[in-house]
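The values are calculated or read from the model by the stated rules, or taken from the named source; none is laboratory data. From a predicted model like this one, the values you see are computed outputs, not experimental measurements. Every residue, glycine among them, receives a Cβ derived from its backbone with ideal geometry; neighbour counts consider all protein chains shown. Remember, those area values only see protein heavy atoms, side chains included, never the ligands or the DNA or RNA. Shrake-Rupley method; radii C 1.70, N 1.55, O 1.52, S 1.80 Å.
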Amino acid sequence: MNDKQKVAQAAVEYVKDGMVVGLGTGSTANYFIEALALCVKEKQWSIKVVSSSTVSLIKAQEYGLQLVGLDQLSQLDLYVDGADEVTPDLTLLKGRGYDLVKEKLLAKACKRFLVLVDQSKQVETIGEKFPVPIEVIPFAWQMVKESLRQIGADSELRQTASKDGLVITSHGSLVLDTRFQDSPGTKELNDRLNAIPGVVEHGVFYKLASDVLIVDEGKVSVLSGADSRR
């Protein structure tokens with residue numbers, strides 16, 4: 001069992017019969033979906049799941065999990081996903097897969113948000129290893145880029161992997177990958193991005209994580225964010 005499988009298996013221990021569980025997107029999230037499906041089958045639990053992306057929806061269907069639509073829910077019990085960066089105060093950077101709207105909706109609506117990472121994802125400041133993704137309304141991207149410049153950030157529209165076009169999100173938005181010359185604190189960064197007109201969503205997940213499960217060479221440790229959602 002590799003590290004991603006181990007941390008995914010540890011996350012299943014947080015699931016209880018009758019829960020509505022949000023499914024993240026990515027390789028670690030895929031292992032969690034597999035482990036969850038096996039647990040549900042073995043224990044004959046009644047679990048409903050909601051997906052954060054088409055990818056996780058298809059994966060859940062493949063494993064026979066009972067799916068519900070996001071539009072059918074006002075709250076869910078548990079959301080399990082990964083992150084690109086995690087700071088000491090449990091602020092997350094997400095969005096390399098640019099499905100930010102659904103991910104943040106689930107993170108906000110859940111009673112408990114469980115984050116699965118390896119030790120390489122731990123950073124001191126958001127944006128240390130990756131640019132901050134900012135989802136923008138297409139006709140407003142130049143205005144948003146200028147607003148970002150005024151607060152000390154350089155940003156570029158994200159291109160497709162083949163560099164032959166621009167990335168379009170599932171909601172029809174463009175993505176500005178943004179680097180800050182001087183990294184502000186997590187709260188200040190979150191507040192600044194929330195205040196820019198034309199921004200649909202951004203990859204800073206401030207005070208949303210409940211617990212972070214960190215795997216390092218087969219050992220899983222837990223950082224608790226009991227106060228992070230207040």
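Please state which of the following conditions LYS129 fails to meet, knowing it meets all the rest: (1) surrounded by 14 or more Cβ atoms within 10 Å (Cβ to Cβ); (2) part of a loop (DSSP other than H, G, I, E, B).
(1)
Filter segment 27-80 for residues that are of a type in the set (Val, Ile, Thr), buried (at least 19 other Cβ atoms within 10 Å of the Cβ) and part of a helix (DSSP H, G or I) and give the result.
Matches in segment 27-80: THR28, ILE33, VAL40.
Filter the strands (runs of 3 or more DSSP E) completely within segment 171-230 down to those with at least 3 residues that are open to solvent by less than 80 Å² (accessible area, probe 1.4 Å), in contact (Cβ under 8 Å) with a residue 12 or more places away in the chain and farther than 23 Å from GLY22 by Cβ.
174-180
Of the residues that sit in segment 89-109 and are in a loop (DSSP other than H, G, I, E, B) and at pLDDT below 95, which one is surrounded by the fewest Cβ atoms within 10 Å (Cβ to Cβ)?
Ranking the candidates gives ASP89 first.
If you check ASP191, ASP216, which single one turns out to be under 17 Å from LYS104 (Cβ atoms) and of a type in the set (D, E, K, R)?
When all the criteria are applied, what remains is ASP191.
Conditions: (1) closer than 17 Å to ILE168 by Cβ; (2) of a type outside the set (D, E, K, R); (3) open to solvent by 10 Å² or more (accessible area, probe 1.4 Å). VAL144 meets all but one. Number of the miss?
Status for VAL144: all satisfied but (3).
Report whether or not LYS6 is within 27 Å of ILE126 (Cα to Cα), open to solvent by 50 Å² or more (accessible area, probe 1.4 Å), touching a Lys or Arg at 6+ places or on another chain (Cβ under 9 Å) and not aliphatic (A, V, I, L, M).
Considered against the rule, which asks whether it is within 27 Å of ILE126 (Cα to Cα), open to solvent by 50 Å² or more (accessible area, probe 1.4 Å), touching a Lys or Arg at 6+ places or on another chain (Cβ under 9 Å) and not aliphatic (A, V, I, L, M), LYS6 comes out as yes.
Scanning for something farther than 19 Å from ALA10 by Cβ and surrounded by 18 or more Cβ atoms within 10 Å (Cβ to Cβ), does segment 112-120 turn up at least one residue?
No.
Considering only residues that are more than 19 Å from the chain's Cα centre (by Cα) and either assigned to a strand (DSSP E or B) or of a type in the set (Gly, Ala, Ser) (or both), which ones fall in segment 3-26?
Of everything in segment 3-26, just one residue is more than 19 Å from the chain's Cα centre (by Cα) and either assigned to a strand (DSSP E or B) or of a type in the set (Gly, Ala, Ser) (or both), namely GLY18.
Name the residues in segment 137-177 that are in contact with a Lys or Arg (Cβ under 8 Å, 6 or more places away or on another chain) and aliphatic (A, V, I, L, M), would you?
ILE151, ALA153, LEU166, VAL167, LEU174, VAL175, LEU176
Is there a residue in segment 45-67 that is among the hydrophobic types (A, V, I, L, M, F, W, C), within 20 Å of LEU213 (Cα to Cα) and touching a residue at least 12 places away in the same chain (Cβ under 8 Å)?
No; the residues of segment 45-67 include none that is among the hydrophobic types (A, V, I, L, M, F, W, C), within 20 Å of LEU213 (Cα to Cα) and touching a residue at least 12 places away in the same chain (Cβ under 8 Å).
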